[in-house]
Amino acid sequence: MDGFQAYGAGKAGGAFDPLTFIKQPQTVIRILCWLFSIVILGCIANEGYVNRPEEVEEYCIFNRNQNACNYAVAMGTLCFLCSAGFLALDVYFPQISGVKDRKKAVMADIGVSVFWSLIWFVGFCFLANQWQVSKAEDNPLNEGADAARATIIFCFFSIFTWALQALLAIHKFNQGASTVIFNQDYVDPEQQEPVEALPTYE
């Protein structure tokens, strides 16, 4: 019965194979989402704030709009944590014995992935607009320009990585439970409490 699957994973209790896990498309995309959030955070933290030669206080490189940098930092941080959390869920997913619980996990993955794809689309439009209207006199030395462009580019990439993650989760959802053995109330027999044998009468 090792061949039976429920929502893209076999029967609970199997051995974890790190190499197989890393090679899965879902894992690769998840890691990319995680890395892109790190790049965005790094760009803003290192070179996202500049000032004029005569000023001491630093302002956001995106049109001196603090909300733009705050948005990028907040979304980058939350996305980093979210990606790490779902990566841990992917590792644990094959150990989930109940089909209903697996279904809930996959549905959560779909919803979160679609949400982040929309969030990064908004972020890309917002940051690109603020960068376009930034004044040259606010940054005469053109400091942090590459970091600002990298932030915008990786926001753009994040739209598609999260959208692709949503498509992979939808595909997993459509796989559903195996019609041969799994059903919506299936629980791994190894995790069920033993049933006492009924007394026999001669």
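Every read-out reported here was derived from the displayed coordinates using simple, explicitly stated rules and does not represent laboratory data. Model, not experiment: these values are computed from the prediction. Cβ sites come from the backbone with ideal geometry, for glycine too, and all protein chains shown count toward neighbours.
From the square roots a ≥ b ≥ c of the eigenvalues of the alpha-carbon gyration tensor of the range 31-133, which class results: rounded (a/c under 1.5), prolate (a/b over b/c), or oblate? Note, shape of the range 31-133 comes out prolate. The Cβ shell under 13 Å around residue 26 holds other residues with a net charge of +1, Lys and Arg each +1, Asp and Glu each -1.
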